[in-house]
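The values are calculated or read from the model by the stated rules, or taken from the named source; none is laboratory data. What you are looking at is a predicted structure, and each value in this text was computed from that prediction instead of being measured. Backbone-built Cβ (ideal geometry, glycine too); neighbour counts: all protein chains shown. Remember, those area values only see protein heavy atoms, side chains included, never the ligands or the DNA or RNA. Shrake-Rupley method; radii C 1.70, N 1.55, O 1.52, S 1.80 Å.
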Amino acid sequence: MTTAVPTLSDAKVNLYPNPMSESFQISGIVGTSTLSVLDLNGKTIFSKQVVENENISVGTLPKGVYIAKLITNNGTIERKIVKE
């Protein structure tokens, strides 16, 4: 099955620190990307435009596991992130 948006498995993209407490950053992206943070049920918690190494605050999120979905010009990357 072919999808319109390719899913990237680009090992160059990194979310750090992970696990995190108050914030995290994304390295390895070029230009502006759209970040969505989803809970494990797939509900979007928040979405915003981000650039490489931007500080992304998650201090208001409850502790738990989330999915960071990054939509770039080259496709979509999903990573599991942990809020401590």
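For the reader, a short list of remarks on this structure follows.
- Any chance Gly64 is more than 12 Å from the chain's Cα centre (by Cα) and surrounded by fewer than 11 Cβ atoms within 10 Å (Cβ to Cβ): no
- Pairs linking a residue in the stretch 15-39 that is farther than 15 Å from Asn53 by Cβ and free of Cβ contacts under 8 Å to residues at least 60 places away in the same chain to a residue that is open to solvent by less than 10 Å² (accessible area, probe 1.4 Å) and part of a strand (DSSP E or B), with Cβ atoms under 7 Å and 6 or more positions apart or on different chains, are Val37/Ala68.
- Scanning the stretch 32-61 for residues that are on the phi > 0 side of the Ramachandran plot and open to solvent by less than 50 Å² (accessible area, probe 1.4 Å) yields a single hit, Gly42.
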